[in-house]
């Protein structure tokens, strides 16, 4: 089971997604991997009609979500009625193709 | 002691769908114009900087600066291609400035260009999306319009900006471009047609809601060029030099979601502050501005974060006509990216070309009278790499 | 001789219902009158689209060739139950659409030509012919296809077109999509626009249209 992972700064405690090697807040290089968990809420979203090559869904619903620990992520939203503030959970699945390769990652659905 | 740097020549190609020329043809068109304007021979050019984001992907040519040096017979001048997404033009001007200011080179040609209309829109959209965060945004299928759309939604919620304000900015820019012979789009649009009548739903369709067709810039072919030299050297060539008085550049998080408050364009704030400090100037001294309205919401947001209006109030200034050609602070007299067009690598240079014309009094029917100081903002990525410039008349 | 002529010649065999003209505003603020074109106007329509037979791109040449045949066929009584709606701005013909009623329940959507581009003229005219078919001609469903993917992918979503693999569209046997009466009404509010009645002077101006050079022949597409 794929779990959505971020990193946490050992110095100041800020959590980031996606993983990075340094802390944006305090520039520390002491970061450790953490699970982001199953619960996040929708901060904002859009329905994209002008899809790029490699995306096969129209419209593509994209959003910014925020986890309890403050980390945010951008991703595809799969829900019947999209509403700001709604609860979502990350799921692993196909996102798009790049060239001929199918690309997998985390998207967000209703819990 | 760094030398003062001035612009002694400028020019641009006609922007639009240019099936008549390839990328090199457009770069030559603009460069020839600026070299002629500077009244300068090829032997006096020590270096060239060429800004183009997608010359490799779309024209199969990566050694764009080397190629232009050859094509214009400027050999053996030094040559560099500069790539910084939509801020490539600004970065090229900055690098050229630094070279002249330091004394490394005396007289430098800067030309930015892009050829993008010959491929399918979905392909260009995908290539432009590569400037986003590779794993956090690009992999998800995010595109610049989708990021701009989410930014717009947050902005509307936070500050009360409405789609009508975006429409007003677009209408103003289209109107300004009617007086710009180089602009891509020469077409008046009305509030009725793109916003208030029910048929606006089809006239101005959703690209990525709440972003609609007329709230984003077109895809354009074109090139723009300037020639710069030291203030002292300039007297040999020009009696109407325009000084690059201030330059600032700043970066912000690559992924938009990473920003504390995504509606604040930190890189615009910081780069603008740096440019004003260097120029020993202030926003209220600016007579004319060229902002980067790849999406009309950005003209509003940049005008605030650059220091011209308080955060969250620029849309009211737009309503009152403050930013119109005859207003207190004309913004985008050229038509901006919306109507002048946006050949990605050319834009940063084109903004400076427009300011140069304005400060010289050469802007024809779109002249801002008495313009002495100008400001431009060249916005890379979705605000993660921004350059600001302050230009002054004279040296 | 009379027998053969009878078989070859076709005319209307379902009741003709006129399309009430309407006027709508384009992005540029220009007013476009959408009105039915008469059989008598066909020679003018042919003149307007003839240059497109040499169009350099985007299937315009094929669309023009087929539309030319359809309109000429209507004029010469060799096509049954055909309608054409014209878009007129400032006395100039800026676009046209055509379709024909296969029978009283089924409409075949034929073509859409935007002579002037960059103003959603095609989208408005396409919607108008579906409006005519469903609301005035009483069609229960409309078969739609396209030569060019450009624009069609949008229409598929915006009109909730349903794929019908069992049906070949009469245009070269291409895949047919169907616009049902139900989906027409579901999507109408976002697609069908315009004001009626058209003011007298505006309507009169649209009656004798001027022919202009199609944008695509001037190399103009924004």
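Read the figures in this text as sums done on the coordinates, not as results from a lab. Predicted model, so just to flag it, every value in this text is computed and none were measured. As a convention, Cβ positions derive from the backbone with ideal geometry for all residues, glycine included, and neighbour counts pool all protein chains shown.
Computed values, structure above
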| quantity | calculated |
| --- | --- |
| Rough spin-label spacing in nm, given labels placed 7 Å along Cα→Cβ, for residue A:98 and residue C:16 | 6.1 |
| Within a Gaussian network of chain B (alpha carbon springs, distance under 10 Å), most fluctuating of B:287, B:46, B:362 | B:362 |
| In degrees, nearest ten, helix B:144-159 long axis to first principal axis of chain B (Cα) | 60 |
| Inter-centroid distance (Cα atoms) of the range C:137-170 relative to the range B:216-260, Å | 49 |
| Average beta carbon contacts from partner chains per residue of C:188-197, 10 Å cutoff | 3 |
| Pairs of Cα atoms farther than 18 Å apart, the range B:195-280, % | 72 |
| On Cα atoms only, tilt of B:88-102 relative to the major axis of chain B in degrees | 30 |
| Mean Cβ count within 10 Å, highest first, over the residues of peptides C:20-27, C:147-154 | C:20-27, C:147-154 |
| Coarse-grained scattering of chain B at q = 0.07, 0.10 Å⁻¹, given as base-10 log I(q)/I(0) from a Debye sum over alpha-carbon atoms | -0.27, -0.57 |
| Inter-chain shielding of B:200-212 (mean C-beta neighbours from other protein chains, 10 Å cut-off) | 6 |
| Calculated FRET value between residue C:188 and residue B:278, using beta carbons and R₀ = 56 Å, to 0.05 | 0.45 |
| Label point 7 Å beyond Cα of residue A:68 along Cβ direction - residues of the range A:18-39 with amide nitrogen under 12 Å | A:36-39 |
| Nitroxide proxy distance, nm - points 7 Å out along Cα→Cβ at residue B:320 and residue B:62 | 5.2 |
| Euclidean distance between Cα centres, the range B:132-202 to the range C:1-80, Å | 36 |
| FRET efficiency, 1/(1 + (r/R0)^6) with R0 45 Å, evaluated for residue C:140 and residue A:109 via beta carbons | 0.75 |
| Sequence-separation-based contact order of chain C, relative, with Cα cut under 8 Å and 6+ spacing, percent | 24 |
| Mean-position separation - Cα centroids, the range B:41-83 and the range A:8-25, in angstrom | 41 |
| Virtual spin-label span in nm between residue A:11 and residue C:153, 7 Å along Cα→Cβ | 4.6 |
| Peptides ranked, highest mean first, by Cβ atoms within 10 Å: ranges C:155-166, B:343-354, B:210-221 | B:343-354, B:210-221, C:155-166 |
| Residue order, fewest to most surrounding Cβ atoms within 10 angstrom, among A:12, C:84, C:107 | A:12, C:84, C:107 |
| Degrees, to the nearest 10: B:23-38 long Cα axis against longest axis of chain B | 60 |
| Column: log10 I(q)/I(0), Debye, Cα scatterers of the range B:97-160, q = 0.14, 0.17, 0.19, 0.28 Å⁻¹ | -0.69, -0.77, -0.80, -1.14 |
| Rounded D (µm²/s) - the range C:2-211, Kirkwood Rh over Cα pairs, Stokes-Einstein at 4 °C, 1.567 mPa s | 74 |
| Cα-based radius of gyration of chain A once divided by 2.2 N^0.38 Å, which approximates compact folds | 1.14 |
| Average partner coverage of A:37-50, which counts Cβ from other chains inside 10 Å | 6 |
| Ranked packing of A:66-76, B:139-149, most packed first, by mean Cβ within 10 Å | B:139-149, A:66-76 |
| FRET efficiency for residue C:162 and residue B:19, using Cβ-Cβ distance with R0 set to 51 Å, rounded to 0.05 | 0.85 |
